1. Would it be correct to say that G718 is at positive phi and touching a Leu at 6+ places or on another chain (Cβ under 7 Å)?
2. For region 90-117, how many residues are among the aliphatic types (A, V, I, L, M) and surrounded by 24 or more Cβ atoms within 10 Å (Cβ to Cβ)?
3. Could you say which residue among V416, V410 is assigned to a helix (DSSP H, G or I), out of contact with any Lys or Arg (no Cβ under 8 Å at 6 or more places or on another chain) and closer than 30 Å to F643 by Cβ?
4. Whether any residue in region 24-37 is surrounded by fewer than 13 Cβ atoms within 10 Å (Cβ to Cβ), assigned to a helix (DSSP H, G or I) and at pLDDT below 90 is what I want to check.
5. Return a yes/no flag: does region 139-162 have any residue that is in a strand (DSSP E or B), in contact with a strand residue (DSSP E or B) (Cβ under 9 Å, 6 or more places away or on another chain) and surrounded by fewer than 23 Cβ atoms within 10 Å (Cβ to Cβ).
6. For region 692-704, how many residues are surrounded by 19 or more Cβ atoms within 10 Å (Cβ to Cβ) and either more than 30 Å from I543 (Cα to Cα) or not aliphatic (A, V, I, L, M) (or both)?
7. Please count how many residues of region 754-783 are among the polar types (S, T, N, Q), modelled with pLDDT of 85 or more and farther than 19 Å from S574 by Cα.
8. Tell me, which residue of region 261-299 that is of a type outside the set (V, I, T) and under 29 Å from the mean Cα position of the chain (by Cα) is farthest from V325 (Cα to Cα)?
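The values are calculated or read from the model by the stated rules, or taken from the named source; none is laboratory data. Every value quoted in this text rests on a predicted model; they were computed, and no experiment measured them. Cβ: placed from backbone, ideal geometry, glycine included. Neighbour counts: every protein chain shown.
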Amino acid sequence: MKPLYSLLNSILLLIIFSSLLSAQDPLRIGIIKDADSQELNTLNEFLYEEINLLIKPRSDVLYKVIDANWNKETARQNIQIFMTDPEIDLIISIGFISSNELVNYGTYAKPSFAVNILDLELQTLPLNVDYSTGINNFTYIEPVINLSEDFKIFSKIFDIRHLSIIGAEPLKENFPQIIPFIKKKNDSLNVSIVSAGPDAGTTLEKLSEETDAAIVLPLLQFNTNEIIKLFNGLNKRKIITMAPGGIDYVELGASLTMTPKFTIRQLARHTALRILKFVEGANPAGISVSVEQNKRQPVINFASLRTAKKFPPADFLNEALLINVDTFPDGDEITLRGAIAEALKNNLTGKITKEDFSSAEKDVRIAKSNIFPQLEISGTGVELSENLVESSMGQRGEFTITGTVSLNQVIFSEPVFANIAINKLVAENKKHIADAAVLDIITDISNAYLSVLFAQSNLNIQNNNVNATIQNLQIAEAKEASGHTGLSDVNRWKSELSLNKIKLNDAHASFKSSMFNLNSLLNKQIDKSIKLPDSDKIDRSIIIDQNLFSKLFENPALSDLYASFIMSEMKNNSPELKQLFTAGKILDRQRSMHNRQLFLPEIFLFGSVDQVFVRNGTIANPQLPIPPPPDDATWSAGINLRFPLFKGGKTITEIEKSEIEIKKLSYQENELINNFETGIRAGVEKLIASYLEVDLSKYAALAAEDNYKIVQDAYAQGVASLVQLVDAQNVMTQTKHLSSIAFHQYLLDYIQLERLQGKFMFLSSEEEQKVYINRLNNFLVSGE
């Protein structure tokens, strides 16, 4: 009976405890927020989630939310309402205005938690040795923002003359002490408060023309797009910006921040943990305000610095995490198609080949001019000696002026007709040379463009490697400070940082050099900056059918057919092959000309009209019955027929030479086709390999990155060694680099294959691409 009695007793106690638990009053939380804004609403939602997760297993939680509409007085009234509301057990303030009012409220009738603190020193917040407030029913969350330290660094690395502090609209009213607070650090500085307007444009209009630097406080009333517009406007005005709000603002366009990353989710979680301690019986006065923070590390947006054309000292850059190192905001954005179009218009080699073709067309016109009538007019003035006049027996005078009109016309001439035909073929050949030059220009521009993208990718990889090394150095310094590791780890990471900085500098130099090369090919200003689209999307601009390759390259038989298809396309498109065909036609026409010259004459028509305008000083002999020279016009006309009888064997030799050249050309044609086939079949194999390497290297890079994160966490906890983390980081960087090489090599191999094909299909219209794909699919099925 005793065991049964004990069991019943336990069940009864459990039922009683459960009923007591279910009967417990819910926790009623009053939330005061500055206004109905995107960021504050997000924080509010995260607070619900985190508090419910920790408190609801103990009791139900009810919420009541009111906002102050960005008004200081309303915020204070809201606090008073909740303090006297019997339906509220606990008060939370979110937003700088409401939190500042809660900080300065005085006596707290209810547990109160100020979540958004701007700056400890600015707001003179209480802080005991144990990091508690010591004020009954009051605590706050330690801010990650440190305006005093931020401004000290900001004014040290930049020559600032007029600083504008941009904050929420009531900033001046809520924090009147902020200007004296800043000027205390630099009394000679001009400081102005700029209350943010309803949007970025209005805010920018409020800035003084003298402003050369700005501290942009968290603007909780702005959405992301407005924040981006604000920083874009500040950058265009060459205003350098410090963002105490953290790295999120730097990613949106601010110049730099010193504030460690601390997300809204983290803020909500820290608040929920303190509320849990209160529920467990702790007075907020004794709850620590401290939050675990990362080391204050400068994060610099290089794109903003380039726009503002202001840079901090090199030693500061060496210690900073850099983002957007590959971005040049003042550069012209240019796509691959745009670069090709610009090159075909401006490239010097292209211009030269165009002029060659134009010159050849003029040669055709010159050759054709020989078959048209050659009409010529001339005038002659002659003065003769007296003895010559006497001997002419009255036919010539001492001074004579004569005018002549002459006409020559080719009736038949094989060399003339052949010259026209040959010049037409030469012009056609020049066109094929120009076509080949266009293909070469497209190839060179595509290679140069992809080289810039690869250099850009490598620059980002090396920059991320430096940033990772800085983070690992911070971990080692923290471990060394706590005694968990020696100074050797710190020194090793410092060494790694210096070596990786060298690689970063080399990558930056390569990036700029590749940009200079592209500008040179485009015949643009060599040092002009260029903005390129995301390299991850460039394959969509080049590969016309991504899915087709997966089908082709998984079947070796189809791969061989694909190479044969490219060969057939080459024979139809290749300008080099067309050049040989045209050269053959030229040699054949020359041979025909030499053969015809053996039995065909040349026939020319000629004629002239002469008119004497002045004939003075004639001396006639009266004893001789010679009529005087005619005063009217005289004319003559005739036909000239020429037939070569013997040239020393020159014509026969030229015929034989032409036949030798024609035979030689046939050999060259076979050699060219063989070279093309070798290049195409080898190119297809290279394309298959690079296509497969893209996915393999990508998977390797992802695995290496996941492994690095695991080893980094293990190193921070003292489980993994320094050597393991260094190795993991190096492998991560190397595999990312290999992945970038594989991706860009794949595109280069495809472009080279299109060059061998004689036509770049990615530049063709959609209709032409569809016809091409259908032709390829049919070839893969039929084999021809």
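1. Working: at positive phi: yes; touching a Leu at 6+ places or on another chain (Cβ under 7 Å): no.
Answer is no for this residue.
2. Total satisfying the criteria: 7.
3. V416 is the lone residue from the list that is assigned to a helix (DSSP H, G or I), out of contact with any Lys or Arg (no Cβ under 8 Å at 6 or more places or on another chain) and closer than 30 Å to F643 by Cβ.
4. No, region 24-37 contains no residue that is surrounded by fewer than 13 Cβ atoms within 10 Å (Cβ to Cβ), assigned to a helix (DSSP H, G or I) and at pLDDT below 90.
5. yes
6. 1
7. Total satisfying the criteria: 4.
8. Among them, the one singled out is K261.
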